[in-house]
Amino acid sequence: MQIAVLGIDLGKNSCSVVGVDERGQVVLRRRLRREGVVKLGSTLPSCIMAMEACCGAHHVGRQLRSQGHDVRLMSPEYVRPYVKAQKNDDRDAEGIAEAATRPTMRFVDIKEEEQLDMQTLHRARDRLVGERTALINQLRAILLERGITVPQGRRKLEIWLDLDTDEERLSLSRRTVALIADMRAQWSEMDRRIAAFDQEFKVYARSDQPCRLLGTIPGIGPLNATALVATVGDARTFGRGRDLAAWLGLVPRQMTTGGKPKLLGITKRGNGYLRKMLIHGARAALPVLSKSATPLGEWLWALLGRAHKNKAIVALAAKLARIVWAVLQSGRPYNNNGLEPVVQA
């Protein structure tokens, strides 16, 4: 039994594996637990180990790679067309094995432990920000139900809650005042925890060379830099800057037929968190960049003259993604004097 490719359909507990030989014939079908997949890999000669890039795939991939196997991770979206007939775990594993042999297939790099740690920190911070926003919205709803409208803005609500002499506040019942005080304490604790994450990102960004390089790009701060380095990893995975922008869903969606191209809105594919952070960074950098006497500033000024501001912000985010690729690829900082790194179209 000579296995050339082993397709692995990972599950939380149970996994299906299908081994095929060099001719593509199935020579092995098995149902194993997660730890059994690694044990099976230790008994096989070096071969291609194919999996979908899902939760836990990077951990299993690193273990199989240490055994000398060629581990290939693929997006589930690209594996789906190779699953034949009715869907089940065995058919999924067989489709994964077939997809891994396609010459045009795109693979996902295995992330190291440090990269996964940084991504986990960003997810935890993003969850806290969402919970804080929900808490603030609930506070405003509680006050509005009692006829109290606080001016828009998180800081203005914070100032109003800290006042003790406001007549509207004095008209609230004791139970409501106690509830608001408890929610205000939760809000303060969330602020403290989010600030602790931000400080950790700043310390890491100062000590990591790729993060320091990305910090020279307008609109890229410690949050964006650490998230990009942790998620993108080796920039050589992408052939050009546009590939990174497309991977983040920042390029127009195409509907082309009969040789007539039609461009729609952005695709919004890929990592939604990175896309959101780049757009926020572009929104913060737009006022300064649009007034600068640089090629990027002149491009922005012309774009604002013919497009809505929000479209210009998304276009700038796509441009920043290309510059990020160029900086990581070249290992040189971004030059604010108008000489940008070479970015392929």
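Below, the figures for the structure above:
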| quantity | calculated |
| --- | --- |
| Cα centroid of segment 1-66 to Cα centroid of segment 79-100, whole Å | 14 |
| Value of [θ]222 nm, deg cm²/dmol, for the chain, DSSP H segments ≥ 4, -39500 (n - 2.57) each, nearest 500 | -17500 deg cm²/dmol |
| Answer label, with semi-axes √(5λ) of the Cα gyration tensor in Å calculated from the coordinates and candidates [x] 34, 27, 17; [y] 54, 30, 16; [z] 44, 30, 20 | [z] |
| Candidate lysines for bridging to Lys260, where Cα separation is under 26 Å - those fewer than 8 sequence places away on the same chain excluded | Lys268, Lys311, Lys319 |
| Set of lysines near Lys39 by C-alpha distance (under 22 Å), chain-local residues within fewer than 8 positions excluded | Lys12, Lys111 |
| Axial C-alpha extent at least 18 Å, average Kyte-Doolittle at least -0.5 - helices from the chain (DSSP) | 113-145, 272-289, 309-330 |
| Relative packing of peptides 90-99, 326-335, 284-293 - highest average C-beta neighbours within 10 Å first | 90-99, 326-335, 284-293 |
| Tensor-based shape of segment 141-263 (alpha-carbon gyration tensor, a/c under 1.5 rounded, otherwise prolate or oblate) | oblate |
| Aspartates and glutamates with Cα under 19 Å of Lys309, excluding same-chain neighbours fewer than 8 positions away | Glu298 |
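Only the coordinates and a few stated rules stand behind these numbers; no lab work does. Keep in mind that what you see is a predicted model, and the values were worked out from it rather than measured. Note that we place each Cβ from the backbone using ideal geometry, even for glycine, and neighbour counts take in every protein chain shown.
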